[in-house]
Structures are given as structure tokens and as C-alpha cells.
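Visitor: Got a structure for you, written out below as C-alpha cells; questions coming shortly.
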Amino acid sequence: MKKLLTIVLLMTTSLAFAYEYQIEKPVLESVSTPGHESITSLALDCLHQSSLSGQKPANCLQGKDIIGAYKSGNSFVVPTISPQKITAEELMDVSSWPDDPTRLGGNIGAVINLFQACNDFWSFLGFKNPYETISGGLACNSHFGLLQFFHAQASSTDEPYLSTKNKVLAWIKFNYSIVRDANLLSEPYCRYFDELKADSGAYEMASAFLPDDHQDLEQCQNNYTLNWIYNSSCESLASDKCESVEDTRTAQITALGAIIHVIQDSYSQSHNQRGSCAEQKNMQPVSKISCLPIEQYYTYNAQDAGKHKDSDVLPITIDASCQTATDAKLPIDDAVTATARVLWYASQGEDASKLMAYLNRAVFSDPYIYADAATQSRPESAAGMCYLPNTADSNVNSQVDFQQRLMGQ
Ligand SMILES: [Zn+2]
């Protein structure tokens, strides 16, 4: 009962809280105080503390049960970025870049009704919507379309679990390669993704940027480089009203921001299922970090937008599982620790294999490889039971049972 009251109180608080990061309504820079920036700030402080003792960051959230708005003043160093020192302000700024990948920023007129703007009036005649092809640009695809893996989500309903997971991990690996080597930014976009398709793990991610049928793609016709992904600053959704930010350092820091963003989003209750939201009162969305493996990826397209954003607000509560995450079977780190570890790998100049091994084990661990979960097949993506436009759902109990099995209860 006490727990219930606490949850109700927290929900009331979060509704009244002025600081929201509405992930799928692009953050207006300098206007909001996004949760991404607070998680990033806590991670920077944890990195700083652990570096004093020469240790890798670990258990950054130990003892905490809530995250409120917070800004760090700590800087850190990445040897492969020039100049090497990156300030907290710079990192906080790029940690929400995937929510506004073309830097629409304060151009409110352009971002209001983004969903309508990304719908083609003629789509009823078979024309593709801008979120169904990369030629529709980054902004539409990031939130509604092919690039939802920017946010640890599936791009459509019924996407296989491993497709989403592969895309998320391939996106992280791609960004880390940019952080490690600025020269990649001048690689030809189409040739690069064409070659990347040969890597089976990266095929689906590369295909989102470069469909097989790409002869007419603007990126190929006009010899875009990989820098295009990071350098757009646009007045509107239309790509002909964009300026190019030709700054290698900005692009590399943005790539680092893209990595920590997708990791942080993977802990949002509305982006995928870590544990079960059925424990929550009346299945109402809450903002909570849970340190359990991802059981199912969600897709924004199938969700109630209002419920989705209710899980992306400050303050964020920390689930008890984050205090017991050292269990060898479920070694999931919390969002702050995972962010700090990414920064640590980058600051140490570690190669991608170590970062990816860590993320595979401690963030995106697949629960279905465990013997007692083997009989449960990996579910395809869906809205998530707490985020359905209609809250009626009959699978609540089976989801709870499955979670209890995972926890060995
Ligand atoms: Zn996001």
C-alpha cells in the first residue's frame, strides 16, 4: 500500500513537473531540460569519481531511487576527437540530438504537428510517406519511420526482436567508429552503406540508410558523405532548406551523443519492455529505470502518443532491480552506469569490440537465451500493453509470469 501511495505521489509530481523530455516531440534546444541531459550529467560525475580511483565506472546509481533535473560541470577527454577535451555542456547538448537530428531547434513552426508533416497527402494513392524512405530525411524517419532504432525502438509493428536488437547495436557500432576515426566522415555515403550490407549483423541498419533500390536516391546522385548524417541544420523538414555544419569535431561528438541517447532510451518504459508495466497502477505509464533485460521492443507507430511521453519525463524513479543487478544471470547495468561506461571506453581509446561486448552483456542482453526462458519465443514488436491506444489487454498475467520466471521467483 505504501508503495502504491508512493507511485501515485510520484506520478502526480511528474505530471506537475515543468521539465519534460518528450522524446517523440523533438526537444527544443534551450527550452526544455531533458532527462537525457540529467542522466548524461550523472554519468559524467560517475566517470569523474571512478577516474580518481583508476576504476571503470560501476553502480553509478547505487543508493539513488530517483533522478531529477541535474547538470554536471565535469569535462572529459576523448583522444580520438580534436581538441580532446569535451565539456559537460557539449555532451548534454548532443545527448538529445536523435530527437532533433536536423537541428530544427527553436523553429517551432516546423516541429509542431511533425506527424502530420511526415504524412504524404497522396499516400492513399500509394505514394510513400517521408517516414517510409530515407529520402524523406532524418527528422521524419527518426521519430516515425525507418530510423526508430535511434531510440531503441522497432520501426514497425511485428518487427522481429533480433532485427531491432541488431539495428540498435549496429547503429552504436557505426557511431563508435566515427568517434574513433574522423576520416570516416568523408567516406561516400552510398558506397559505405553498400559495403556495410555485407556484414550480416549490420545489414538491416545499413538498409535503412541505403535501400537496395537506390539509383535515384539523392544521397547517391549528389555524392553525399557520411558527414551528412550529423551535419544538417534545417529550417524545416524539407531538406532543401538545410545548411551543412562542416565541423568534424561536432560530428564526432554528435556520434557519441547518438550512442548514449539510444542506450538511455532503451531504459524508457515506453520504448521497450524491461520487466513488466503490469505492476503499475492500472497499467498507467510511469517514468522508471529498470535493470532487467529487454523482453520486447516497442514501436512508436502503434502507441498512444500521450501515454508514450508520460514515461519520458522527470523525475525518473529507479527500480529495485537496479540495486540487485549484480546477479550473474541478469547483469544489467542502469542507464547512468551504462552511459558512464560508454564515455569511459571512448576516453580510454578502447576499440569497438570491448564496447560492444559490454553492451551485449550488460545493456542489450537477450533474456531468451536462458534455459528457463527458452520455451518463450522472442516476441515481435508491438505498442506495449501500457501504451496501447486502448488500455484493454488480456496478456497482462502471462507477462507477469514470464518476468517472475526470469527473476527465478
Ligand atoms: Zn530518443
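Bear in mind these aren't lab numbers, they're just calculated from the coordinates by the rules spelled out. Keep in mind that this is a model prediction, so the values were computed, not measured. Here the Cβ positions follow ideal geometry from the backbone for every residue, glycine too, while neighbour counts run over all protein chains shown.
Visitor: Can you pull the Rg over Rh of segment 59-164, Cα-only, Kirkwood? Please list the in-between numbers first.
Guide: On the way: Rg = 18.4 Å, Rh = 17.0 Å.
My calculation puts Rg/Rh at 1.08.
Visitor: Just add up the charged neighbours of Lys197: K/R +1, D/E -1, any other residue whose Cβ is under 15 Å from the Cβ of Lys197.
Guide: Working: positive: Lys167, Lys173, Arg191; negative: Glu187, Asp194, Glu195, Asp199, Glu204, Asp212, Asp213.
Once all neighbours under 15 Å are counted, the net charge is -4.
Visitor: Okay, next question. Determine ³J(HN,Hα), in whole Hz, for all residues of segment 247-264 in sequence, where each value follows from phi through the Karplus function 6.51 cos²θ - 1.76 cosθ + 1.60 and θ = phi - 60°; x replaces Gly and Pro.
Guide: 9, 4, 5, 4, 5, 5, 5, 4, 4, 5, x, 5, 5, 5, 5, 5, 5, 5
Visitor: Just to confirm my numbers, what's the Cα centroid distance between segment 150-186 and segment 365-386 in Å?
Guide: Taking the Cα centre of segment 365-386 as reference, the centre of segment 150-186 is 20 Å away.
Visitor: How much net charge surrounds Asp333 when only the other residues with a Cβ under 10 Å from the Cβ of Asp333 are counted, with Lys and Arg +1 and Asp and Glu -1?
Guide: The answer is +1.
Visitor: Using all C-alpha to C-alpha distances in segment 227-305, build P(r) with 5 Å bins and read off the rounded percent in each one.
Guide: Distribution as computed: 3, 13, 16, 16, 13, 12, 12, 9, 5, 1 percent.
Visitor: Name the aspartates and glutamates eligible as straight-distance cross-link partners of Lys354: C-alpha to C-alpha under 20 Å, and not fewer than 8 places from it in the same chain.
Guide: Straight-line reach from Lys354, under 20 Å: Asp181, Asp199, Asp333, Asp334, Asp366.
Visitor: Now a separate question. What residues have an amide H closer than 5 Å to that of Ile66, excluding those fewer than 5 places away on the same chain, when H is modeled at 1.01 Å from N in the peptide plane?
Guide: Ile318
Visitor: Given H placed on each backbone N at 1.01 Å, which residues far from Lys288 in sequence or on other chains put an amide H within less than 5 Å of it?
Guide: Residues meeting the amide H criterion: Gln269, Thr317.
Visitor: In the neighborhood of Ser75, defined by Cβ-to-Cβ distances under 12 Å, what is the net charge if each Lys or Arg adds +1 and each Asp or Glu adds -1?
Guide: Summing Lys and Arg as +1 and Asp and Glu as -1 gives -2.
Visitor: With a point put 7 Å past each Cα toward its Cβ, work out how far Gln116 is from Ser82 in nm, to one decimal.
Guide: Each label point lies 7 Å from its Cα, and together they span 4.9 nm.
Visitor: In whole Hz and in residue order, list the ³J(HN,Hα) couplings for segment 34-43 that follow from phi through the Karplus curve 6.51 cos²θ - 1.76 cosθ + 1.60, θ = phi - 60°; x for Gly and Pro.
Guide: x, x, 4, 5, 5, 5, 4, 5, 4, 5
Visitor: Could you list Ile39, Ile263 in order of exposure, starting from the residue whose Cβ has the fewest other Cβ atoms within 10 Å? Before the final figure, lay out each step's value.
Guide: Details: Ile39 31, Ile263 23.
So the residues, fewest neighbours to most, are Ile263, Ile39.
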